[in-house]
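Just so you know, all these numbers are worked out from the coordinates, no wet-lab data involved. Quick caveat: nothing in here was measured; it's all calculated off a predicted structure. When we count neighbours, we look across all protein chains shown, and the Cβ atoms used for this are built from the backbone with ideal geometry, even at glycine.
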2 protein chains.
Amino acid sequence: MSTPQGARARARIEVTAAIKDAARRQLAEEGAAKLSLRAVARELGMVSSALYRYFPSRDDLLTELIIDAYDALGEAAETAAARAGDLAPARRWVAASEAVRRWALAHPHEYALIYGTPVPGYSAPETTVPSASRVWVVLLDIVRDAHRERGVARTPVPAELEPEARRMAADLAPDLPPEVVTALVASCAQLYGLVGFELFGQFNRVVEDRETFFRHAAAQLAHGVGLVFP
Amino acid sequence: MSTPQGARARARIEVTAAIKDAARRQLAEEGAAKLSLRAVARELGMVSSALYRYFPSRDDLLTELIIDAYDALGEAAETAAARAGDLAPARRWVAASEAVRRWALAHPHEYALIYGTPVPGYSAPETTVPSASRVWVVLLDIVRDAHRERGVARTPVPAELEPEARRMAADLAPDLPPEVVTALVASCAQLYGLVGFELFGQFNRVVEDRETFFRHAAAQLAHGVGLVFP
DNA sequence: GGAAAGTGTGAGCAGTGCTCTCGCTGTGGG
DNA sequence: CCCACAGCGAGAGCACTGCTCACACTTTCC
């Protein structure tokens, strides 16, 4: 990673990066399904079989791009939350949510790659988990801060869900009340729903002023996890 | 449509149906991306080019399957809502939501076809709109009934969203208060998010008792649109 | 009855992911 | 210093895809 020993090792790093760059460009333009190894090779002036020296298969290339996309999305949320560090938790929640939406709209194909239909027969390997978690950790941290500082409103959970709520809290955030963790998980899924609906065209001819609509919906989600607006 | 005139017209209908059946089977097994015209033709003992007498392209076949999937999902929601016709609106909402989830889990690839990543370069034609609306009309009707019978709780909408809320209400349900229509649209997106998160594996290693979790989340959504549990 | 549609066939084009062999070349051990 | 070896790119090739086209055959309709 630090000092590439020889010219060959250096070249390998550069070529690998060039392949990923070209692939990312194709992904952004045409979408994952039309990402073709041969086209990538063509763009780089190589022959397609040469790519297999760097990536064992098309799926492995996709996995790399998936991790990059998760990281980019996570970073967008992180910086948004950081820039809103002085605001009330509820406002930071909305800021982070809006960052997710903006990133998705700016990189629709990359968002679709990570949150759209999984490629058939392809299941994301374990290595993606840390990067995939980053967005949700941002939201979790906002709730955690709110809980530490001024407390969060709790919406009780029905009895039948209590064991599961306790289990989730123990797994994800033992320092938070189970009801809050439950609401947080649901809110993450719902946030994904709001973004996906807009991105995949389900709001066509329904919602026009989507930014305002989203801001309101995100604020409602914040309220749902117990964050209060000052 | 009623009486196919000659043997030829009858045959055409049968062959068309057989093609769609075989395609649906392949779709259910392998997913949309691996649905291959040639494989369908092979299964039917035809040569691939013969299929083009019935469907101008692979995308047109997919469109038919998409409409069928929308209709099947809509019907599932409709019957669930009808069977819960005696219950309070909030419970009917949950029943319809659970029907959507169940249908999605039972037909993951078909659900992915309609609500997952749109096929690149493919945009659903107008003909899909009526079928696509059916699910949401079910939820809308539940809210409408509740509004007529005992009224719904209204969560005020921020000033900046008021014009858009009024516009949406005028377009979708002029008989309902704008705040309620706004909440309904958001809830639909959020319902889609809950189902999608579970279906596409984002709940892996997070939520275990997903049915109970979903029921609670759907009830929260019902509460969000102003339905009250008795 | 004959012209005109409708339908299935098979070849073929351009594209895909992926494998394999063949040379060339940079690298590390003797 | 030199040479064997590993890494690398080229090219051919396999099996597959969607789609087109000319060609026969059959049903339909005037």
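Label-point spacing at B:Ala106 relative to the other copies reads 4.3 nm, in ascending order, each point sitting 7 Å out from Cα along Cα→Cβ.
Each copy carries A:Gly85; placing its label point 7 Å along the C-beta direction from Cα gives inter-copy distances of 6.0 nm, listed from smallest up.
Other residues whose C-beta falls under 11 angstrom from the C-beta of B:Pro158 contribute a net charge of -3, scoring Lys and Arg +1 and Asp and Glu -1.
Where the only charges are on Cβ atoms (+1 Lys, Arg; -1 Asp, Glu), what is the dipole of region B:1-109 about its Cα centre, to the nearest 20 debye? Intermediate results must be reported in sequence, preceding the final value.
On the way: 16 positive and 14 negative charges, 48 e Å.
Its charge dipole is roughly 240 debye.
The mean count of C-beta atoms from other chains within 10 Å of the C-beta of residues in A:152-162, rounded to a whole number, is 2.
Relative contact order, whole percent, for region B:1-90 stands at 20, derived from Cα pairs under 8 Å and 6 or more residues apart. Label-point distances for B:Val129 to the equivalent site in the other copies, using a point 7 angstrom along Cα→C-beta, read 4.6 nm when ranked shortest first. In order along region B:29-45, the phi-based Karplus estimate (6.51 cos²θ - 1.76 cosθ + 1.60, θ = phi - 60°) of 3J(HN,Hα) comes to 7, 10, x, 5, 5, 9, 6, 10, 4, 5, 5, 4, 4, 4, 4, 8, x Hz; Gly and Pro are listed as x.
Over chain A, what is the relative contact order in whole percent, taking alpha-carbon pairs under 8 Å and six or more residues apart?
Answer for chain A is 21 percent.
Placing +1 on each Lys and Arg Cβ and -1 on each Asp and Glu Cβ, with no other charges, gives the protein assembly as shown a dipole about its Cα centre of roughly 880 debye. Computed over neighbours whose Cβ is under 11 Å from that of B:Arg24, the net charge equals -3, Lys and Arg +1, Asp and Glu -1. Think of chain A as having a plus end and a minus end, set by charges on the Cβ of Lys, Arg, Asp and Glu; of A:Phe213, A:Ser57, A:Leu161, A:Ser57 sits farthest toward the positive end of this dipole. Closest approach of a chain A beta carbon to the axis mapping chain A onto chain B (residue, whole Å): A:Gly193, 1. Counting Cβ atoms of other protein chains within 10 Å of each Cβ in B:222-228 and taking the mean gives 1.
The HN-Hα couplings worked out from phi for region B:187-202 by the Karplus form 6.51 cos²θ - 1.76 cosθ + 1.60 (θ = phi - 60°) are 5, 4, 4, 6, 4, 4, x, 4, 5, x, 4, 5, 5, 8, x, 6 Hz, whole numbers, x standing for Gly and Pro.
Give me B:Glu126, A:Glu160, B:Glu211 ranked fewest to most by other Cβ atoms within 10 Å of their Cβ, as a rough exposure proxy.
Ranking B:Glu126, A:Glu160, B:Glu211 by Cβ neighbours within 10 Å, fewest first, gives B:Glu126, A:Glu160, B:Glu211.
Amide hydrogen proximity for A:Thr117: with H placed 1.01 Å from N in the peptide plane, the residues at 5 or more positions away or on another chain lying under 5 Å are B:Thr117.
Scalar couplings 3J(HN,Hα) for region A:218-230, obtained by applying the Karplus form with A = 6.51, B = -1.76, C = 1.60 to θ = phi - 60°, are 5, 5, 5, 5, 4, 4, x, 8, x, 7, 10, 8, x Hz; x denotes Gly and Pro.
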